[in-house]
1. Residues being hydroxyl-bearing (Ser, Thr, Tyr) and closer than 19 Å to VAL74 by Cβ: count how many of those fall in segment 93-142.
2. Under 6 Å between Cβ atoms, which residue pairs at least 6 apart in sequence (or on different chains) link something in segment 155-166 that is touching a residue at least 12 places away in the same chain (Cβ under 8 Å) with a partner that is not in a helix (DSSP H, G or I)?
3. Go through (1) touching a Leu at 6+ places or on another chain (Cβ under 8 Å); (2) at pLDDT below 95; (3) of a type outside the set (A, V, I, L, M) one by one and return the number of the condition SER204 breaks.
4. Looking at ARG184, ARG193, can you tell me which residue is touching a helix residue (DSSP H, G or I) at 6+ places or on another chain (Cβ under 7 Å), of a type in the set (Lys, Arg) and at pLDDT 95 or above?
5. Considering only helices (runs of 4 or more DSSP H) fully contained in segment 115-214, which possess at least 1 residues that are in contact with a Cys (Cβ under 9 Å, 6 or more places away or on another chain) and buried (at least 16 other Cβ atoms within 10 Å of the Cβ)?
6. Kindly provide the set of residues from segment 1-60 that are under 24 Å from GLN106 (Cβ atoms), in a loop (DSSP other than H, G, I, E, B) and at pLDDT 95 or above, ordered by number.
7. Would you point out the residue of segment 94-114, among those that are surrounded by fewer than 19 Cβ atoms within 10 Å (Cβ to Cβ) and not aliphatic (A, V, I, L, M), that is nearest to GLY40 (Cα to Cα)?
8. Taking only segment 69-89 into account, find how many residues are over 14 Å from ALA211 (Cα atoms) and surrounded by 15 or more Cβ atoms within 10 Å (Cβ to Cβ).
Amino acid sequence: MQRRRFLALAGTGAAGSLAGCGGSGGEAGRSLREHPAAAGLDGLPRQGPLDGHAVLTFEDPSCPRCRAFHEDVVPAIRSNVVDPGEGAYVLRTYPVVYPWGEPATQALASTHARSDAAFWSLLDHYFSNQDQFDADNVLDRTETFLDSRTDLDGAAVVADAENEAHDEAVQGNLDAAEAADLGRTTPTVLLFRDGQYVTSANGSVSYDLIAETLGVDG
């Protein structure tokens, strides 16, 4: 908890900055499984196969730039990378922007432990209704959403979130960002072409950059 509260003091950084091969995010050519940002890879929320390209993101449900990325860029990643089997979209929640992002991230971890589909639905809900949440209401609204829109017991998920029952997953994301020296700008996007690290970018990241780096359809 103490480390997360320290990280949460930081906001988003410069828009669309590119880390490059020698910048934060790791050395070019390092494999996905060897990269510190991908620690615990098999347990992370993922769409698509891991035997091709990979788009590994650090996103905060409370971050406006993450919302724009999720709404404007992620659909293209799914259409051009995930659906054709070209690679994977892998997500790490990273609560460093607004205070409600921390309990939301706990709820996402507790949801993912129960249902992958419900995790993605809840994440969509957070981004789509971002301006309706604050630290006081996020868990109540989460319970209502899960009860009405998924097969999960919303009260049980919220109880786990309040008790930090899946805090190991939340802390693992923070530790991975620190180990990879990613800083606190969200979203941060790491790109692996054919499983090898190429570069990272953060802030207002475009799909064109992703497509060009991975060599996929734009």
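1. So the answer is 7.
2. What qualifies is HIS166/ALA113.
3. Failing condition for SER204: (1).
4. It is ARG193.
5. Result: 116-128.
6. Correct list: ALA39, GLY40, LEU44, PRO45, ASP60.
7. Going through the qualifying residues, I end up with ARG114.
8. Adding up the residues that qualify gives 2.
The values are calculated or read from the model by the stated rules, or taken from the named source; none is laboratory data. What you are looking at is a predicted structure, and each value in this text was computed from that prediction instead of being measured. With ideal geometry, Cβ positions are generated from the backbone for all residues, glycine too; neighbour counts draw on all protein chains shown.
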